[in-house]
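Colleague: The following block contains the structure, expressed as structure tokens.
FYI, it's all coordinate maths here, none of it is from the lab. Source: prediction; values computed, not measured. Quick reminder, even Gly has a Cβ in these numbers, built from the backbone with ideal geometry, and neighbours come from all protein chains shown.
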Amino acid sequence: MARVDGRKNDELRSVHITTGAQEFAEGSALIEFGKTRVLCAASVEDRVPGFLRGQGRGWVTAEYGMLPRSTLTRRARETGGRDGRTVEIQRLIGRSLRAVTNLNVLGERTITVDCDVLQADGGTRTAAITGAYVALYQAVEKLVDSGRLPALPFTSSVAAVSVGMVMEEALLDLCYEEDLHADVDFNVVLTGAGEFVELQGTAEGSPFSQKTLDSILDLARKGITDLTNIQNGTIEALKAA
């Protein structure tokens, strides 16, 4: 089956991560998965939520939103509260970041990563997770460099990718049109060590087999290995600058 943009079934869209996209944030990254673009900015505050006060532990959380013209037609701003999809995605991003962060090392401070979708062509949540880690890394590294943290708190990196079954073929990193026609749709979050953080998958029509699941997870592992290499290359380039 020929894909919309001519990619191979196991090929990511063109992925670019630009650091320093927001000068005033402690860490920031503009991540592009093909036509999907997400701006991720990490902010550090020397306080924690009430349930963590006095415990010596930190907190990492996220917020997510889509700009009105990130999609083909204008969508209203979420001024009266976040809708269910938005809340679910920002919780997913926060869980993914906390899965690779030792909160005891972070101390009593909160890092919030804001993920704003500038343009959406499928895979916004997976792009947000992948870019959010790079923004978070920059913010934490600044804390270490300034002597406010004794060491980096990361146990691994984290990245995410979508995989779907379209016309009985497993495809990596779906664009919007592919996602629209997918019979099975998965979002997979893995650490750089290859451990699962989260699996979100569903059959849009008929149920799927164990064999199909295995092929989806194999494809996701390949994609996240490539994304981890891109993340690492971006961070190394930042250090060398």
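Colleague: Suppose the filter is of a type in the set (Gly, Ala, Ser) and either within 17 Å of the chain's Cα centre (by Cα) or surrounded by fewer than 20 Cβ atoms within 10 Å (Cβ to Cβ) (or both); does ALA151 pass it?
Modeller: The answer is yes for ALA151.
To keep it simple, each residue is scored yes or no on (1) under 23 Å from GLY233 (Cα atoms); (2) of a type in the set (D, E, K, R); (3) touching a residue at least 24 places away in the same chain (Cβ under 8 Å).
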position	(1), (2), (3)
ASN9	no, no, yes
PHE33	yes, no, yes
GLY50	no, no, no
THR61	no, no, yes
LEU67	no, no, yes
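Colleague: Would you tally the residues in the stretch 149-191 being without any contact (Cβ under 8 Å) to a residue 40 or more places away in the chain and charged (D, E, K, R)?
Modeller: Residues meeting the conditions: 3.
Colleague: Then there is this: Of all residues in the stretch 47-66 being over 15 Å from VAL140 (Cβ atoms) and aromatic (Phe, Trp, Tyr), which is surrounded by the fewest Cβ atoms within 10 Å (Cβ to Cβ)?
Modeller: In this case the residue turns out to be PHE51.
Colleague: Of all residues in the stretch 157-177, count the ones that are surrounded by fewer than 24 Cβ atoms within 10 Å (Cβ to Cβ) and not in a strand (DSSP E or B).
Modeller: So the answer is 6.
Colleague: Let me ask something else about it. Where residues in the stretch 102-136 are under 18 Å from PRO153 (Cβ atoms) and in contact with a Cys (Cβ under 9 Å, 6 or more places away or on another chain), which of them is surrounded by the most Cβ atoms within 10 Å (Cβ to Cβ)?
Modeller: Among residues in the stretch 102-136 that are under 18 Å from PRO153 (Cβ atoms) and in contact with a Cys (Cβ under 9 Å, 6 or more places away or on another chain), the one surrounded by the most Cβ atoms within 10 Å (Cβ to Cβ) is TYR133.
Colleague: Right, here's the next one. Take the residues of the stretch 192-241 that are free of Cβ contacts under 8 Å to residues at least 12 places away in the same chain and either in contact with a Leu (Cβ under 7 Å, 6 or more places away or on another chain) or assigned to a loop (DSSP other than H, G, I, E, B) (or both): which is nearest to SER162 (Cα to Cα)?
Modeller: If we take residues in the stretch 192-241 being free of Cβ contacts under 8 Å to residues at least 12 places away in the same chain and either in contact with a Leu (Cβ under 7 Å, 6 or more places away or on another chain) or assigned to a loop (DSSP other than H, G, I, E, B) (or both), then PHE196 is nearest to SER162 (Cα to Cα).
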